[in-house]
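So the structure is just underneath, and the comments pick up after that.
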Amino acid sequence: MPFMPTTQPDRSENRPLALVTGASSGIGAAFARAYAQRGNDVVLVARRVDRLNHLADELARTHGVDAITVPADLSEADAPDAILQNITARGRKVDILVNNAGFGVPQDFARVTWERHRDFLMVSVVNACALTRAVLPAMIARRRGAVINVSSITAFSPGAAGHTLYPAAKSFALKFSLSLDAEVRAQGVRVTAVCPGFTRTEFHEASGTAATMEQAPRRFWTSAEDVVQAAIAGNESGKVVVIPGWHNKLAVALMKYLPDGIATPIIRAGAARYRVED
Ligand SMILES: NC(=O)c1ccc[n+]([C@@H]2O[C@H](COP(=O)([O-])OP(=O)(O)OC[C@H]3O[C@@H](n4cnc5c(N)ncnc54)[C@H](OP(=O)(O)O)[C@@H]3O)[C@@H](O)[C@H]2O)c1
């Protein structure tokens with residue numbers, strides 16, 4: 001991917017810099033707002049440039065921070081290099097990385113093209129690791145920094161038909177965070193996996209499951225803002241795994257502690273409602 005031009009003037013500041021992937025909507029936009037509100041400059045990464053520019057204008061105007069838009073398609077292997085080049089060319093370093101970009105593939109594995117699965121893995125797994133690998137050495141050298149990986153309560157699921165790679169990718173985000181924390185906590189870098197359940201964003205619209213998701217009881221839903229507040233508070237207080245909301249904590253406890261023979265059929269029956277045939 002070529003070096004992408006950005007829309008904001010280059011103004012190096014001393015404020016910490018938070019890079020948020022998937023900042024054009026939902027949980028990512030809420031992370032960007034929350035970090036800007038806390039006085040951080042922000043780098044907004046996603047594909048939809050108009051959305052990013054709109055949010056950047058809002059954040060600069062409302063909070064007086066630098067909001068840098070870096071349009072990028074994270075399914076492409078060279079996206080992380082291009083993003084980091086852009087930031088380095090401004091003389092900036094990433095202090096906070098939020099690996100949030102993601103999407104759902106609700107169909108059964110064999111019904112989906114390999115290209116779609118590969119894009120999913122590039123966005124959710126490979127490029128989240130690539131960005132982390134790119135920013136971590138400077139965080140370690142400065143003995144400060146934060147990495148938040150957006151996982152899901154499905155990281156604890158026993159697996160179900162449809163969304164085949166999703167729990168695997170979210171388990172990866174969880175285990176990656178746990179191992180990384182073990183490596184870098186003593187060097188001043190805080191790592192957190194946030195594991196939301198149903199969250200009101202554009203996620204289900206994007207995957208074509210919005211109509212079925214409307215059937216999920218209202219009490220099971222969380223707002224993107226609540227997910228983000230829990231994630232940032234947890235990260236700042238040194239929590240490695242954050243599960244926002246009592247209902248999600250309960251769901252995770254059931255998945256972890258119920259015997260497999262009981263939990264698996266319940267999860268699979270529930271998941272079948274949100275599976276898409278074609
Ligand atoms: N909503 C939920 O119920 C829920 C629950 C648990 C976990 N999560 C996780 O939360 C994260 C954020 O999702 P969301 O709920 O906020 O959904 P969303 O509103 O659909 O946002 C997804 C974001 O990911 C970006 N994205 C998707 N493909 C991309 C690509 N190829 N390159 C760059 N950016 C890409 C999208 O931006 P562009 O389309 O502009 O590129 C968008 O900003 C995801 O990792 C998701 O798995 C969501």
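The values are calculated or read from the model by the stated rules, or taken from the named source; none is laboratory data. Treat the numbers as computed from the prediction; the structure is a model and nothing was measured. Here Cβ is always computed from backbone atoms with ideal geometry, including for glycine, and neighbour counts include all displayed protein chains. Quick note on the areas: whole protein, heavy atoms, side chains included, nothing else; ligands and nucleic acids left out. Shrake-Rupley method; radii C 1.70, N 1.55, O 1.52, S 1.80 Å.
Below is a table of values for the structure above.
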{"read-out": "The range 157-278: relative contact order in percent, alpha carbon pairs under 8 Å with at least 6 residues between", "value": "38"}
{"read-out": "Once the Cα gyration tensor of the range 48-203 is diagonalised, semi-axes √(5λ) in Å", "value": "27, 20, 15"}
{"read-out": "Test item: Cα-centred dipole of the chain, Lys/Arg +1 and Asp/Glu -1 on Cβ, debye", "value": "800"}
{"read-out": "Among 108-114, 141-147, the order from most to least packed when residues are scored by Cβ within 10 Å on average", "value": "141-147, 108-114"}
{"read-out": "Inverse mean reciprocal Cα-Cα distance (Kirkwood Rh) of the range 50-142, Å", "value": "15.1"}
{"read-out": "Exposure of residue 172 as accessible area (Å², to 10), given a probe of 1.4 Å and all protein chains", "value": "90"}
{"read-out": "Rounded to the nearest 10 Å², the accessible area of residue 183 at probe 1.4 Å", "value": "120"}
{"read-out": "Per-residue [θ]222 nm for the chain (sum of -39500 (n - 2.57) over DSSP H runs n ≥ 4, rounded to 500)", "value": "-14000 deg cm²/dmol"}
{"read-out": "Viscosity 1.002 mPa s, 20 °C: Kirkwood-radius Stokes-Einstein D of the chain over Cα pairs, µm²/s", "value": "112"}
{"read-out": "Tally of Lys pairs whose C-alpha atoms are under 20 Å apart, taken over the chain, 8 or more apart or cross-chain", "value": "8"}
{"read-out": "Apportionment of accessible area to carbon and sulfur, the range 77-226, percent (1.4 Å)", "value": "56"}
{"read-out": "Surface accessible to a 1.4 Å probe, per residue, for the residues of the range 154-278, Å²", "value": "52"}
{"read-out": "Heavy atoms of residue 226: accessible area, 1.4 Å probe, square angstrom to 10", "value": "90"}
{"read-out": "Solvent exposure ordering (accessible area, 1.4 Å, most first) of 254, 174, 121", "value": "254, 121, 174"}
